[in-house]
Amino acid sequence: TTIDLESKAASILGKEAALFVPSGTMGNLVSILTHCNRGDEIIVGDKSHTFYYEAGGISAYGGIHSRQLSNNQDGSIDLDLIQHSIRLEDDHFPITSLISIENTHNMCGGAPLSINYVKDVYELATKNHIKVHTDGARLFNAAIATGSDVKQIANYTDSVTFCLSKGLCSPIGSIICGTKNFIYKARKIRKGLGGGMRQTGIITCLGIYSLNNMINQLEKDH
């Protein structure tokens, strides 16, 4: 059942593979630990969930340095600010390995990021040989609100998490999506963090129900 949920989630988002995790916080932590080495730096918003509400896990468990940039009211970060915050190659500096964005943005009024903005961030990152992770706890809400296909949004990020237990109404759980190689590495990190659970089908069957039945409900919820 869990394998079926992961396969379905990957297909809906247009990614090669997916991984079930018990919480969005673990999903973000696993994703960032998979992308980054100890001593690397990630660019995050100063109002992002990862920076603000996740107990400093990326630093505590991954030795990863965060560069906090100011979020605008709509949850975005100025592209020029991102560009100027990418570290030069220098022995004095950590390596900028990842840009993490949040969509929708919890602390910015639940604002969804426009498809043009996420595309611009992804293109900036690719030009600078940096990966992008999207904390998409409410990714399906963002797609409905912006009139975008969720697969189109997910196309402009290297990894993405989404929550089953918020707008999609399951009682528990989140999903990470990315390439097969990324998910292979993430699975081992999930295990090390204590997220490798037995008998998950009793939870993930509800995730399948959510994906089959609750996405179309979101427009009415809004």
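The values are calculated or read from the model by the stated rules, or taken from the named source; none is laboratory data. Given the structure is predicted, the values throughout are model-derived calculations rather than measurements. A quick note on method: Cβ atoms are made from the backbone with ideal geometry, for glycine too, and the neighbour counts reach across all protein chains shown. The protein model used for the area step is the full one, side chains on, heavy atoms only, and it has no ligands, DNA or RNA in it. Shrake-Rupley method; radii C 1.70, N 1.55, O 1.52, S 1.80 Å.
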> What are the residue pairs meeting all of these: first residue in segment 201-213, first residue over 11 Å from Ile3 (Cα atoms), second residue acidic (Asp, Glu) and crowded, with 19+ Cβ neighbours inside 10 Å, Cβ atoms under 6 Å, and 6 or more apart or on different chains?
Replying inline: none
> So is Asn141 of a type outside the set (A, V, I, L, M) and over 24 Å from Tyr53 (Cα atoms) or not?
Replying inline: no
> Taking Gly167 and the conditions (1) at pLDDT below 95; (2) touching a Pro at 6+ places or on another chain (Cβ under 9 Å), which numbered condition does it fall short on, given that it satisfies the others?
Replying inline: (2)
> Name the pairs whose Cβ atoms lie under 6 Å apart, with the first residue in segment 81-99 and touching a residue at least 40 places away in the same chain (Cβ under 8 Å), the second among the polar types (S, T, N, Q) and surrounded by 17 or more Cβ atoms within 10 Å (Cβ to Cβ), and 6 or more positions between them or separate chains?
Replying inline: Ile86/Thr96; Arg87/Thr96
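So which helices (runs of 4 or more DSSP H) stay within segment 1-99 end to end and still have 2 or more residues that are surrounded by fewer than 17 Cβ atoms within 10 Å (Cβ to Cβ)?
So the answer is 2-13, 57-62, 79-85.
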> When only residues in segment 182-209 that are among the β-branched types (Val, Ile, Thr) and within 22 Å of Lys131 (Cα to Cα) count, which is surrounded by the fewest Cβ atoms within 10 Å (Cβ to Cβ)?
Replying inline: Ile189
>> Among the residues that make up segment 138-159, is at least one of them open to solvent by 30 Å² or more (accessible area, probe 1.4 Å), of a type in the set (Lys, Arg) and out of contact with any Ser or Thr (no Cβ under 6 Å at 6 or more places or on another chain)?
In response: yes
>> hydroxyl-bearing (Ser, Thr, Tyr) and surrounded by fewer than 20 Cβ atoms within 10 Å (Cβ to Cβ): which single residue out of Thr104, Thr179 fits that description?
In response: Thr179
